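Just below is one structure, and these are the notes that go with it.
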Amino acid sequence: MNGEQNKKLALQFKNVDFHYRNAAGEIPILKNMNLSVADGGFVSIIGASGSGKSTIFRLIVGLEERTGGSIYLNEKQVADRPGKVGYMPQQDLLMPWRTVLQNAALPLELQKENHLDRGTVQNLLEAFGLKGYEDKYPHELSGGMRQRVSFLRATLSGSNVLLLDEPFSALDAMTKLFMQEWLLEQWEQQQSTILFITHDISEALFLSDRIFVITETPFTTLKEIEVPLERPRRQHDLDKKEVAELKNNLLEQFRMRV
Ligand SMILES: Nc1ncnc2c1ncn2[C@@H]1O[C@H](COP(=O)(O)OP(=O)(O)OP(=O)(O)O)[C@@H](O)[C@H]1O
Ligand SMILES: [Mg+2]
């Protein structure tokens, strides 16, 4: 994106260390890790299963505590009190005792905001293909539907930073394309910053300004790839020569790791 250097940073990792601990000892994931994401950017993170993608999000929201370094959200340090982010975890974590509508509207309740009322949330549920399910409970939904409720809940957080952990992995191909397009529209309107974890290279290319690739674990930096596409984008832009080449390169990198 033009002028990215002059923009405020939505997110920054400075020399961050983190390891898990199990009976056998420490499992290092981040080692002296640095990362910056400019305000308003759309960044995807890809990497092999178990490489530490979700861990990055868990550190940002404070579900895990870094062992060294600093993490900044909107240029304020995420220390004991994590900043406000919209977070869609890899498991949907819907509350089983709340209906679809009550789950989706949770951020509004927490913020005691009235500008989005039941009617608005209901319209959004309709746009997400959940019409008629407002008063159902999570156990009555399919995996893809639960994912869409969780995704909607994250987008209603009102935060300028959205962390989406494989939000569309359980959706069928058509719904996935619809949700990708919807997400880009929202992002453009709200000028939010999105960090998006995915295993789907085409999805990362279609959505992102930049792709961060985890090439080894533990990691110190992530390999950064600029996506050579203007906006607005159409799905068939992925057929362009330079994008198709990029996709093949990325696929090759992952193939070598399996
Ligand atoms: N609570 C935990 N205790 C110990 N090890 C953990 C814990 N959570 C995750 N790990 C390990 O840390 C590594 C990174 O996990 P993480 O969930 O960040 O991977 P990921 O890249 O999101 O994988 P996936 O693509 O499968 O979701 C994995 O090897 C995992 O086994
Ligand atoms: Mg994960």
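The values are calculated or read from the model by the stated rules, or taken from the named source; none is laboratory data. The structure displayed is predicted, hence computed values, not measured ones. Here the Cβ is made from the backbone with ideal geometry for all residues, glycine too, and neighbour counts use every protein chain on show. For the accessible areas, the whole protein counts, side chains as well, though only heavy atoms, and no ligand, DNA or RNA atoms are used. Shrake-Rupley method; radii C 1.70, N 1.55, O 1.52, S 1.80 Å.
Restricting region 79-104 to residues that are open to solvent by 70 Å² or more (accessible area, probe 1.4 Å) and farther than 19 Å from Ser157 by Cα, the residue that is nearest to ligand 2 (Cβ to nearest atom) is Pro96.
Please name all residue pairs, on different chains or six or more residues apart, with Cβ atoms under 6 Å, provided the first residue is in region 45-58 and is more than 9 Å from ligand 2 (Cβ to nearest atom) and the second residue is open to solvent by 10 Å² or more (accessible area, probe 1.4 Å) and hydroxyl-bearing (Ser, Thr, Tyr). Once the first residue is more than 9 Å from ligand 2 (Cβ to nearest atom) and sits in region 45-58, no partner that is open to solvent by 10 Å² or more (accessible area, probe 1.4 Å) and hydroxyl-bearing (Ser, Thr, Tyr) comes close enough.
Restricted to region 184-215, and to residues there that are of a type outside the set (A, V, I, L, M, F, W, C) and free of Cβ contacts under 8 Å to residues at least 40 places away in the same chain, the residue that is most open to solvent (accessible area, probe 1.4 Å) is Gln189.
Number of residues in region 216-246 that are without any contact (Cβ under 8 Å) to a residue 60 or more places away in the chain and open to solvent by less than 70 Å² (accessible area, probe 1.4 Å) equals 12. Does any residue of region 146-164 turn out to be more than 12 Å from the chain's Cα centre (by Cα), open to solvent by 10 Å² or more (accessible area, probe 1.4 Å) and within 16 Å of ligand 2 (Cβ to nearest atom)? Yes, that holds for at least one residue.
How many of the residues making up region 171-183 are open to solvent by 60 Å² or more (accessible area, probe 1.4 Å) and either touching a helix residue (DSSP H, G or I) at 6+ places or on another chain (Cβ under 6 Å) or not in a helix (DSSP H, G or I) (or both)?
Total meeting the criteria: 1.
Applying a threshold of 7 Å to beta carbon distances and a minimum spacing of six or more residues, or different chains, the list of pairs starting in region 60-78 at a residue that is on the phi > 0 side of the Ramachandran plot and open to solvent by 60 Å² or more (accessible area, probe 1.4 Å) and ending at one that is modelled with pLDDT under 95 and assigned to a loop (DSSP other than H, G, I, E, B) reads Glu75/Lys8. Take the conditions within 16 Å of ligand 2 (Cβ to nearest atom) and within 22 Å of Ile211 (Cβ to Cβ) and apply them to Ser36. Does it pass? Answer is no for this residue. Close contacts from region 85-101, counting a first residue that is within 14 Å of Lys53 (Cβ to Cβ) and a second that is within 13 Å of ligand 2 (Cβ to nearest atom) and not in a strand (DSSP E or B), with Cβ to Cβ under 6 Å and a gap of 6+ residues or different chains, come to Met88/Pro167; Gln90/Ser54; Gln90/Glu166.
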